[in-house]
1. From G8, G49, grab the single residue that is free of Cβ contacts under 8 Å to residues at least 24 places away in the same chain, more than 30 Å from E106 (Cβ to Cβ) and among the small types (G, A, S).
2. Any chance the stretch 138-153 includes a residue that's at pLDDT 75 or above, among the hydrophobic types (A, V, I, L, M, F, W, C), closer than 24 Å to T40 by Cβ and in a loop (DSSP other than H, G, I, E, B)?
3. Quick one: would you say A6 is exposed (fewer than 11 other Cβ atoms within 10 Å of the Cβ) and at pLDDT 90 or above?
4. Could you give me the residue pairs with C-beta distances under 8 Å whose first residue belongs to the stretch 77-94 and is under 20 Å from D32 (Cβ atoms) and surrounded by 13 or more Cβ atoms within 10 Å (Cβ to Cβ), whose second residue is hydroxyl-bearing (S, T, Y) and modelled with pLDDT of 90 or more wherever it lies, and which are 6+ apart or on separate chains?
5. How many residues are assigned to a loop (DSSP other than H, G, I, E, B) and aliphatic (A, V, I, L, M) when one looks only at the stretch 46-74?
6. Taking the criterion of being over 30 Å from Q176 (Cα atoms) and within 21 Å of the chain's Cα centre (by Cα), would at least one residue in the stretch 79-99 satisfy it?
7. Is the stretch 100-114 home to any residue that is within 22 Å of G87 (Cβ to Cβ), touching a helix residue (DSSP H, G or I) at 6+ places or on another chain (Cβ under 9 Å), modelled with pLDDT of 75 or more and surrounded by 14 or more Cβ atoms within 10 Å (Cβ to Cβ)?
8. Taking the stretch 40-66 on its own, how many of its residues are under 29 Å from G132 (Cα atoms) and over 14 Å from the mean Cα position of the chain (by Cα)?
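The values are calculated or read from the model by the stated rules, or taken from the named source; none is laboratory data. Note that the structure is a prediction, hence the values are computed from the model and not measured. Using ideal geometry, Cβ is built from the backbone for each residue, glycine included, and neighbour counts are taken over all protein chains shown.
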Amino acid sequence: MEFDEAGGHFVVLSDAEIADWPEFPHRGVSLDVSRNFMRTEVIEDIVRGMAHSKLNVLHLHLVDTHSWPVEQRGKLSHRLTKYGAYGPDMVYTQEELKSLVKYANERGKIFHLYKLCFDGGRRIKIISSFVGLRIIPELDQPSHAGNGWQGFPEGYVLCLNKEPAHNYCSQPPCGQVN
């Protein structure tokens, strides 16, 4: 229904089609949690807001030269978290990350295409499709190898935290997997 100001009356459409689809296939947000740790509850709040805003991709920058907050369980790799996280309480466990991915996938949006027909009886045709919210993890390696690699034998990483940084790398702290 629409008001016709020139005629001073309402106009009722006999047939209408409303399409509610996102214009772009990739609509996302990037969070750099390697430099700025965020609790998973905060990330879940962001995911919920993304879903309400019809965003469908969360680029989660988990690991960089600044920190390694992702739990590792290997014989040597557990040292990455031990030495690379900002603190023992600032680590994403494997269970937390799996739960976050599941949470995001379930928080996608259902997009509808409505076809309204007013020819005598009122009929509404609805075509729906579900689009989950996808998480793309980023783990920068091998050139961004800084904090976290201190627990490995000498020679695993070159230029680890070398100073002055501008002589060894483009962005401190320095490090390159050998």
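1. Being free of Cβ contacts under 8 Å to residues at least 24 places away in the same chain, more than 30 Å from E106 (Cβ to Cβ) and among the small types (G, A, S) holds for just one of G8, G49, which is G8.
2. no
3. Spelling it out, A6 is indeed exposed (fewer than 11 other Cβ atoms within 10 Å of the Cβ) and at pLDDT 90 or above.
4. Y92/T40
5. 1
6. Taking every residue of the stretch 79-99 in turn, at least one turns out to be over 30 Å from Q176 (Cα atoms) and within 21 Å of the chain's Cα centre (by Cα).
7. yes
8. 2
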